[in-house]
Amino acid sequence: MERVAVITDIHGNLLALEASLEAIEPIGVDRVYCGGDLVGYGPSPNEVCRLIEERNFPTIYGNYDYAIGRELEDCGCAYVTQHDRELGQQSVAWTLAHTDEHSKEFMRGLPFDLRFELGSRRVRLVHGSPRKVNEYLFEDKPASLYERLAAAESDPVLVFGHTHKPWVHEFGEVLFVNCGSVGKPKDGDPRAAFAVLTAAGESANVTIERVEYDADTVAAEVRGAGLPGEFADKLLIAA
């Protein structure tokens, strides 16, 4: 029985990444894939990049990786308020200043998407959507949107992240899998999240796994690094 794990949206949170990889080991997966956003908001961009690189996980870029790797000052994020925009700009500026050239070069070399086989099913991994790296596919968007995406999709399983809120649903014979976020959940559950996909005959079974990690320590690291305190608070309440 073939099984893979997909991690995404790590956002410089090394402890959450390490805890997730430790939790993946006893599950017995054949491969681990990474859906991007290795950096941003968190205090350990270089350490996260090194670990992903050392493990040689097939990895795509997220909108944050694309921006930081190319020294851009806009991460392509959506902001609801001016305050949120200001916080986001602080995150980008800090991450640009604290991400070394090796990490930036690694992120510049990542592809937009990946395709792989899971049993008899083909799977496509993107960060935001098949159309744009920074498109947000929230669960409560109209079904008509997902039906249009499904009609344009050649693979029966589409895996993504970016919203930091996990969900799984089938539209138009395509299984949509949002993996949530390893390092910066926003669904009210502060535990790290990742997806496990298991081949099941002509289909795929999906579970969203949650993992406890020492969020208090990471929150303290965020404050100590000079990042906005709100980033630390949100790690503890997953807002």
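The values are calculated or read from the model by the stated rules, or taken from the named source; none is laboratory data. Treat the numbers as computed from the prediction; the structure is a model and nothing was measured. Don't worry about glycine lacking a Cβ; one is built from the backbone with ideal geometry, like all the others, and counts go over all protein chains shown. Remember, those area values only see protein heavy atoms, side chains included, never the ligands or the DNA or RNA. Shrake-Rupley method; radii C 1.70, N 1.55, O 1.52, S 1.80 Å.
At a glance:
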| quantity | calculated |
| --- | --- |
| In the stretch 74-121, the residues that are open to solvent by 80 Å² or more (accessible area, probe 1.4 Å), of a type in the set (Lys, Arg) and out of contact with any Lys or Arg (no Cβ under 6 Å at 6 or more places or on another chain) | ARG85, ARG108 |
| Filter result (closer than 28 Å to GLY28 by Cα and either part of a helix (DSSP H, G or I) or touching a Lys or Arg at 6+ places or on another chain (Cβ under 6 Å) (or both)) within the stretch 191-217 | ARG191, ALA193, THR198, ALA204, ARG210, VAL211, GLU212, ALA215 |
| Pair list, Cβ under 6 Å, 6 or more apart: the stretch 1-16 residue part of a helix (DSSP H, G or I), other residue open to solvent by less than 10 Å² (accessible area, probe 1.4 Å) | LEU14/VAL48; LEU15/VAL218; ALA16/VAL182; ALA16/GLY183; ALA16/ALA192 |
| Residue within the stretch 115-135 that is acidic (Asp, Glu), at pLDDT 95 or above and closer than 14 Å to THR8 by Cα present | no |
| The lone exception for VAL159 - which of (1) part of a loop (DSSP other than H, G, I, E, B); (2) within 13 Å of the chain's Cα centre (by Cα); (3) under 20 Å from TYR61 (Cβ atoms); (4) not polar (S, T, N, Q) it fails | (1) |
| Complete set of residues in the stretch 22-57 that are closer than 19 Å to HIS127 by Cα, open to solvent by 10 Å² or more (accessible area, probe 1.4 Å) and touching a residue at least 60 places away in the same chain (Cβ under 8 Å) | ARG31, TYR33, TYR41 |
| Enumerated helices (runs of 4 or more DSSP H) restricted to the stretch 31-144, each holding at least 2 residues that are over 16 Å from the mean Cα position of the chain (by Cα) | 45-55, 82-98, 101-108 |
| Yes/no for GLU202 being out of contact with any helix residue (DSSP H, G or I) (no Cβ under 9 Å at 6 or more places or on another chain) and either open to solvent by less than 50 Å² (accessible area, probe 1.4 Å) or over 24 Å from GLY76 (Cα atoms) (or both) | yes |
| In the stretch 7-21, residue surrounded by the fewest Cβ atoms within 10 Å (Cβ to Cβ) [restricted to those that are in contact with a Gly (Cβ under 6 Å, 6 or more places away or on another chain) and not hydroxyl-bearing (Ser, Thr, Tyr)] | HIS11 |
| Subset of the stretch 209-239 that is exposed (fewer than 15 other Cβ atoms within 10 Å of the Cβ) and small (Gly, Ala, Ser) - its residue that is nearest to the chain's Cα centre (by Cα) | ALA239 |
| Residue within the stretch 92-107 that is free of Cβ contacts under 8 Å to residues at least 24 places away in the same chain and of a type in the set (S, T, N, Q) present | no |
